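Beneath this line is the structure, given in structure tokens, with notes to follow.
The values are calculated or read from the model by the stated rules, or taken from the named source; none is laboratory data. This is a predicted model, so every value here is computed, not measured. Cβ placement follows ideal geometry from the backbone for every residue including glycine, while neighbour counts extend to all protein chains displayed. Calculation scope for accessible area: heavy atoms of the full protein, side chains included, ligands and nucleic acids excluded. Shrake-Rupley method; radii C 1.70, N 1.55, O 1.52, S 1.80 Å.
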There are 2 protein chains.
Amino acid sequence: MARDPRHDILFEPVQIGPKRLRNRFYQVPHCTGFGTERPRSQARFRATKAEGGWAAVCTEIVAVHPESDRAPQPIGRLWDDHDEHNLRLLVQEGHAAGALVGCQLWHGGKNVEGNVSRAATAAPSQVPSEVYPMTVPRELTVSEIEEIQGWYVAAALRARNAGFDIIYTYGAHGYLLGQFLSPFTNLRTDRYGGSLANRSRFWLETMERVRSAVGDDCALACRMSVDARADGGLTIDDALAFIRLADPLVDLWDVNTGTIANGWVDMTPSRLFPEGSQLPFTARVREATAKPIVTVGRFTSADTMAQIVRDGLTDLIGAARPSIADPYLPAKIERGEADRIRECIGCNVCLVKALVPANIGCTQNATAGEEYRRGWHPERFTRATNAGSDVLVVGGGVSGMECAIVLANRGMRRVHLVEALPRLGGYAALASKLPGLGEWHRLVDWRQGELRRLRNVEVHLSTTLDATGVDEYGADIVVLATGSSWVADGLNPVTQRVIPGAELAMVRTPERVIAGDLPPDGEVIVYDAEGYFMGVGMAEMLALAGRRVTLVTSLPTAGPFLERTLEAHPVRTRLASLGVEVVCDASVASINDGSVRLSRYGAELERAADGVVLVTARRSRDTLTRALGARAATYSIGDCVAPRLLADAIFDGHRLGREIDSDDPRRALPYARERAGV
Amino acid sequence: MARDPRHDILFEPVQIGPKRLRNRFYQVPHCTGFGTERPRSQARFRATKAEGGWAAVCTEIVAVHPESDRAPQPIGRLWDDHDEHNLRLLVQEGHAAGALVGCQLWHGGKNVEGNVSRAATAAPSQVPSEVYPMTVPRELTVSEIEEIQGWYVAAALRARNAGFDIIYTYGAHGYLLGQFLSPFTNLRTDRYGGSLANRSRFWLETMERVRSAVGDDCALACRMSVDARADGGLTIDDALAFIRLADPLVDLWDVNTGTIANGWVDMTPSRLFPEGSQLPFTARVREATAKPIVTVGRFTSADTMAQIVRDGLTDLIGAARPSIADPYLPAKIERGEADRIRECIGCNVCLVKALVPANIGCTQNATAGEEYRRGWHPERFTRATNAGSDVLVVGGGVSGMECAIVLANRGMRRVHLVEALPRLGGYAALASKLPGLGEWHRLVDWRQGELRRLRNVEVHLSTTLDATGVDEYGADIVVLATGSSWVADGLNPVTQRVIPGAELAMVRTPERVIAGDLPPDGEVIVYDAEGYFMGVGMAEMLALAGRRVTLVTSLPTAGPFLERTLEAHPVRTRLASLGVEVVCDASVASINDGSVRLSRYGAELERAADGVVLVTARRSRDTLTRALGARAATYSIGDCVAPRLLADAIFDGHRLGREIDSDDPRRALPYARERAGV
């Protein structure tokens, strides 16, 4: 297909200092779990985006010195020749795919925890970190300021030697340069504190020294938050004044908002923020500069992207998450296939995966982070050695859908996807009905689109198969993807047993609540023993429906997993505003008619309850797996094996499809590990 | 000196299967942050203990397969030739120092989070992990059980090939083998569940297969928890029955109690448990076996160790933490210098450091984890090139004491340690006055002993020096170690400012409370914005003194750092039992006479208060540093630079001493990094 002419503007080249971007698609720096220590994974991951049309790809944070470190998370480091050598591979692979490559030089100041160097951290003033209050920095002396600027210069020279096109001085997200700029964290009274000019000095001097060291060989990018969006922090007006001061030194402004203390305003969960939510701030940067601007906003709509460029709100479409969800986003727009973009759902599991377990992943894109270690490409599939088979996939949740798509792409004669319900999507579809999670339905939408497009797939809805039915279907290969359900009996991690009284009429599962079968009016106890979106989702849904809700959780906080997705604080604030009471570190020992018995810190207490919702555990729907487990060429994937993150369930379906022709498709093939040797 | 004859029994050799331990000191497996991926650090760390006299040193967990992993934490892995090769270095260095070396084969079952392989986890039954409730395992089929046993065999063969003397099947701490054995987690109804014989089957079969694979080349150790010490878990009687069943297969019983769900009963914080607290359980193992038994108990008293061996309660003195705090513990007893043992204080910071930032460290022993990367040895010091200098150390906290000891050992002519108070110990001495933290005073005691022993050190108490005084002292080298204080003005991480009203008479600092200057009778608000021991310590102290205490914390939980030291749950239980109310996620906006104004989830609320204790931030006492910062050969260490963990403050003093003759002693020399390359 041909490109939609309305999108032509996105494919105009843009000059940044001495370098030229081939179009307006720009992958801003973001973490991966690869750093400098897994150089091949790093290079393949970014280069895949470059192949997909991004005009620039950038590293994550690259520490300029051991005093600012994030180990054991593999981050970028430019401390010595070895680091420089490792990062060179990324540059080479990025260049080979036609992109510019950027390096984000970083000193975290006091917003660092777990300093493996054991050196004291550094900041403009000696006040503990807002996010890691155990980190109390030293107040930098002027000679130490000069020393740190020297580290930036040394790292910039290494970056230039490694071949990077773009070098960042990075002060967004509340790191050292930003700590000096912000009146919130800079309490100095010398020439590095007080007035805006003084607060700007450290950063300006750093840029001057980097510029004079690297000359015109590289473009210089400045990445900053233009409004802290928090009391006492940097305001947009201060930011614009800073930009005017710094503009002569800068080739590219990479702008966002917030700090790591309120990171959700930048790495916006879809639960809370729509596409482009930072534009009211970032679009004002144009008032202060004529240089190119890149801004982010979880943009996945080509029309919106083209519009905001036309409107002059930004020059470049910055992306972290949309480029992870679809490395080929630019190529798809270019080919006139914008409707095939695998759109980011804004769940932030990429961040979770990048930090722990330190291998970036993506709910939408099962290949993210697997480019090197498993050799997977998001858009390319090899023909299976057993291609030409007929495949039956039982279960049309997102894991089954994903597997069907991969198998169809690998050349199976026919893939039959059979779903018991009248709709596809399984647990993803269910989750998308929770307050704020509507965008998660993109998981279903994209797969539905692909299934429609693939000529060797047929989908059968409202069709239930038992073991005999599967046998009689006569497929060469059978994939069971029958998913999981929330338990109704209260089976839970705390007692490893069911909860007495769970059978009472006032007790509900999440599925029943979402289907509209709410617990009786009055006091409702939501018991969350899992800690992710379902417990808080139930509490919010029921509070909105007028119930008086107490969220009882066996965990130390409400929804602890949401801390990793940056949703926890705003979700807890929302629950508080809805009048939801939270009781942490408590478990439900038993349910009686009209009350529940809680156990907390060794004591028991009784709470009145007109209704109870149990969010205690998911159980595999594994009847078919148990019946057919030993059948030849029959495999189980996703939640019917073990309930897990949507990202991992989709991954599992994808993995089976990729390895359907291996010696033992049940087990993943070994993946390549990058590691030190003796 | 000669060995005390009462300790002779500790130096008897012990036969374990085909191998012979040279004495009764046994370093049980414990984590380090090195794993297989930092092989040189791993080898040097353990081999240093071997040099110090331990008869055996062991690895940490060594995963038998990618489906059980802990990345990004560097753990041991034995998946391929590369892993085997990396671990061989540990064996070689351990052997060279005269020790046997053990390898702890591990499958975490469902007690694993952040599975980098993205494979489903495995367990006897499909119930979420008690500790990671987002982890829901698959229920293992019998053929999968056999498959996993095959992984143990493959890993055991690799361990044998690498030269290990002792191979563990490890099911303690609630991992897979233990999940099968425990009636808490094993709900199976087939021959692997139900009766004790059935629950034992997986482990027994695994040991049989490992034994038949490695033959008599290695000793087989079985590490287990002999009582879950929790409702529904394994009991000592069940454990003894299992031991009787397994005994013919086992050469060494390595026993402890609890699981990772209540890890504090095994990795006992001194706050909660005395030396040897597990003996009432572990000593009963003798009833079931005549094979050698190793048991742990944070043993640092040579008399106690000898006594429990004499009493037949154990054959070997197991140690993790005491061997980290003093790798030369056996050698010191052997030399008749038991009073010089650097005794573990039971703070569990070793665990914190081993996990994040993934380089083991120790509060007592600044060299722990630095053996390879900085080349430090706990007992050996090189003569400094500027030895013969006179050194003045201002400040007799533990950082200053440590620095004075290292400098004296490095041959300074004279080290003058000057302290303003009539006692040594600084913040460590203060902390040791909190409820339960008495053992922390060992930090002071050990250093006091060394200072007394060193002939080139003189200590001056009750002596305050100002800048002129320091200058006039006339030392060649000056070290400033003046420490930090809790702020009285309410400076805090949340607002980065002081708290209005902090000057009111009802407000206290922790130092004043510890000195006996308690807030007025009635309602007391302890405001903790730090999250470690001081906030909960103040709450406990004041509740014990009869105050009605509310612990207000800006953090999501009470004392979140205590989660890492395994103290959180028991501390929270204790606070609850003392009637302390906890308000999380709340900050103190202002203090008025008779009340405080709190901010929580965007709302403000007023709470009555007769007294307030501010645990908001520590501030460096840096008057001398500021006055003398530019003075030649003048250095600052520890909290007066930046308040930090006691472990890091002591480290800082040690580091300066080790590098006092470098080109720029202010800055640490680069350390060796083990990492992958392109």
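Before moving on, here are some points about what is shown:
- Interface B:A - total buried accessible surface [probe 1.4 Å, Å², rounded to 100]: 7800 Å²
- Euclidean distance between Cα centres, region A:137-211 to region B:65-117, Å: 41 Å
- Cross-link pairs B:Lys110/B:Lys353; B:Lys110/B:Lys332; A:Lys332/A:Lys433; A:Lys110/B:Lys332; A:Lys110/A:Lys353 - those with Cα-Cα distance over 32 Å: B:Lys110/B:Lys332; A:Lys110/B:Lys332
- Folded to 0 to 90 degrees: helix A:568-577 orientation relative to chain A principal axis, Cα: 70 degrees
- Surface/4 of the Cα convex hull for the protein assembly as shown, nm²: 46.8 nm²
- Partner shielding of B:492-502 amounts to 4, given as the average count of beta-carbon atoms from other chains within 10 Å of each residue beta-carbon.
- Size-normalised alpha-carbon gyration radius of region A:5-346, reference 2.2 N^0.38 Å: 0.92
- Interface residues in region B:73-105 - accessible area drops by 30 Å² or more relative to the isolated chain, probe 1.4 Å: B:Trp79, B:His82
- Using a simple spin-label model with pseudo-atoms 7 Å out from Cα toward Cβ, A:Leu196 and A:Glu146 lie 2.9 nm apart.
- Long-range Cα-Cα pairs in region B:342-431 (distance over 16 Å), rounded percent: 63 percent
- Region A:400-436 and region A:483-509 have Cα centres separated by 27 Å.
- The contact residues of region B:1-47, meaning those that lose at least 50 Å² of 1.4 Å-probe accessible area when all protein chains sit together rather than their chain alone, are B:Glu37.
- Rounded accessible area per residue of the protein assembly as shown, 1.4 Å, Å²: 31 Å²
- For region A:299-370, diffusion coefficient by Stokes-Einstein and Kirkwood Rh (Cα), 37 °C, 0.692 mPa s, µm²/s: 254 µm²/s
- Within the shell of other residues whose beta carbon sits under 14 angstrom from the beta carbon of A:Gly52, the net charge comes to +2, with Lys and Arg scored +1 and Asp and Glu -1.
- Rounded to 5, the percent of DSSP beta bridges in chain B classed as antiparallel: 20 percent
- Å³ per residue enclosed by the Cα convex hull of chain A: 166 Å³
- Surface accessible to a 1.4 Å probe, A:Ser590 within the full protein complex, Å²: 20 Å²
- For region A:149-166, the Karplus equation 6.51 cos²θ - 1.76 cosθ + 1.60, evaluated at θ = phi - 60°, returns couplings of 4, x, 5, 4, 4, 4, 5, 5, 5, 5, 4, 4, 4, 6, x, 4, 8, 10 Hz by residue, with Gly and Pro reported as x.
- Residues of region A:403-431 with amide N under 16 Å of the 7 Å Cα→Cβ point at A:Ser462: A:418-424
- Cα centroid separation, region B:533-602 to region B:622-676 (Å): 34 Å
- When the alpha carbon gyration tensor of region A:1-124 is reduced to an equivalent ellipsoid, the three semi-axes, largest first, read 32, 15, 12 Å.
- Each principal axis of the Cα cloud of region A:414-495 was evaluated for its coordinate range; sorted largest first, these ranges are 43, 32, 19 Å.
- In this label model, B:Ser577 and B:Ala241 are separated by 3.1 nm, measuring between points 7 Å along each Cα→Cβ vector.
- Per-residue SASA entry for A:Asp326, accessible area with 1.4 Å probe, Å² rounded to 10: 0 Å²
- Simple spin-label estimate for A:Ala387 and A:Arg626 in nanometres, 7 Å along Cα-Cβ: 3.9 nm
- Calculated label separations, B:Pro248, copies of the chain, 7 Å along the beta-carbon direction, nm: 8.9
- Partner shielding of B:134-144 amounts to 5, given as the average count of beta-carbon atoms from other chains within 10 Å of each residue beta-carbon.
- Helix A:646-658 vs. chain A, principal-axis angle (Cα, 0 to 90°, nearest 10): 80 degrees
- Minimum 30 Å² accessible area buried by the other protein chains, region A:644-673 residues, probe 1.4 Å, relative to alone: A:Arg644, A:Phe651, A:Arg666, A:Arg667, A:Tyr671, A:Arg673
- With every protein chain in place, chain A: carbon and sulfur % of accessible area (1.4 Å): 51 percent
- Rounded to 5, percent antiparallel among DSSP beta bridges of the protein assembly as shown: 20 percent
- Each Lys or Arg adds one and each Asp or Glu takes one away; over the other residues whose Cβ falls under 12 Å from the Cβ of A:Ala515, this sums to +1.
- For B:Asp466, net neighbour charge (Lys/Arg +1, Asp/Glu -1) across residues whose Cβ lies under 13 Å away: 0
- Folded to 0 to 90 degrees: helix A:236-246 orientation relative to chain A principal axis, Cα: 50 degrees
- Grouping the Cα pair distances of region A:507-619 into 5 Å bins from zero gives a pair-distance distribution of 2, 13, 25, 26, 21, 10, 2, 0 percent in increasing distance order.
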